[in-house]
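The structure under discussion appears below in the form of structure tokens.
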Amino acid sequence: MQIAIISDIHANIEALTVVLADIKRRGIKDIVCLGDIIGYGPNPRECLLELMDCKAVTMGNHEEAVLYYGEDFNPKAREAIDWTRDQLNRSDCPKEENYDLWNFLGVMEQMIVTDEAMFVHASPRDPTKEYVTPDDTQKDREKLEEIFTHFERVCFIGHSHIPGIYTQELRYIDPKTIGGEYKLEEGRKALINTGAVGQPRDGDPRASYVTFDGATVRFHRLDYDFKATMEKIIKEERLPNYLADRLAVGR
Ligand SMILES: [Fe+2]
């Protein structure tokens, strides 16, 4: 059975809509969401409502920041967090809906472990905060080695917004170099970053997500109307414009 794994939507409803339609078109019903549904983008309510029925959801650092105060965010990012929190408390929206949104944030898991895989927003060592990046395969191999001791076969992560495969030999594989398809090796572990739905940072502005059938991971990239998302961000005074600019370049 196939599942879809999505992460880092960042309140980008245009990207999320395109991704969900693609998942539906493939006949996949089970979606695991790795968090950061909100933060940075202009449509936090819409994205949360859309993902409430997901099979499973883990908490991202942006959900954590909205719930528990983001003291480790810089001032500009914190303003976006505060704006997001205000959106979830909007007095012109039904109170019940506001409760539902907050409850949804409150029940997100730190980490999900099934027979087939582990799912976590950032890293198995530090579920919402630790970044794993391609640089680590050169500069911090000890960190990667340690991370691989925390899961069995395959672990899906988001957080860095850079899609890719980290092999147990501590190699990073860019999905584009292998046609977007990676078959798990017998007896070898793999750490898979799904990339970001709503704010890619690998130089490709297209929305990113993966599907998994228990043996093979497939990376998908989809065009969406990022100009529409950019316009909304620019119109919203409390969201800094650089959050719009980066969507056009995928950085
Ligand atoms: Fe994120």
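Counting each DSSP H run of 4 or more residues in the chain as -39500 (n - 2.57), what helix-only mean residue ellipticity at 222 nm follows after dividing by all residues, to the nearest 500 deg cm²/dmol?
On the way: 9 runs with 85 residues, N = 251.
It comes out at -9500 deg cm²/dmol, rounded to the nearest 500.
Taking the Cα centre of the chain as the origin, how large is its charge dipole in debye, to the nearest 20, when only Lys and Arg (+1) and Asp and Glu (-1) carry charge on their Cβ atoms? Don't skip to the answer; put the middle values down first.
Numbers: 32 positive and 45 negative charges, 114 e Å.
That gives a dipole near 540 debye.
For a quick check of your reading of the filter: which GluC sites (Glu not before Pro) in the range 1-99 sit in a DSSP loop and have no more than 13 other Cβ atoms within 10 Å? Mind showing how you got there, number by number?
On the way: sites: 14, 46, 50, 63, 64, 71, 79, 96, 97; in loops: 71.
Here the GluC sites (Glu not before Pro) that fit, given the DSSP loop and packing criteria, are 71.
Quick one: which residues, 5 or more positions from residue 209 or on another chain, have an amide H under 5 Å from its amide H? H modelled 1.01 Å from N in the peptide plane, none for Pro or chain starts.
When sequence neighbours closer than 5 places are left aside, the close amide H contacts are 220.
I need 249, 197 ordered by Cβ neighbour count within 10 Å, fewest first. Please report the intermediate quantities before stating the final value.
Working: 249 12, 197 29.
Fewest-to-most Cβ neighbours within 10 Å comes out as 249, 197.
Which ³J(HN,Hα) values in Hz, rounded to whole numbers, follow from the phi angles of the range 132-142 under the Karplus curve 6.51 cos²θ - 1.76 cosθ + 1.60, where θ = phi - 60° and Gly and Pro get x?
10, 10, x, 4, 4, 5, 9, 9, 9, 5, 4
Angle between the Cα long axis of helix 75-88 and the longest principal axis of the chain, 0 to 90 degrees, nearest 10?
70 degrees
Counting only pairs 8 or more places apart or on different chains, how many lysine pairs in the chain have C-alpha atoms closer than 21 Å?
The result is 11.
How high is the FRET efficiency from residue 223 to residue 249, r the C-beta distance, R0 22 Å, rounded to 0.05? Before the final figure, lay out the partial values.
Working: r = 14 Å, r/R0 = 0.65.
Plugging the Cβ-Cβ distance into 1/(1 + (r/R0)^6) gives 0.95.
Every number here is computed from the coordinates shown, using simple stated rules; none is lab data. Since we're looking at a predicted model, the values are computed, not measured. Note that each Cβ is placed from the backbone with ideal geometry, even for glycine, and that neighbours are counted across all protein chains shown.
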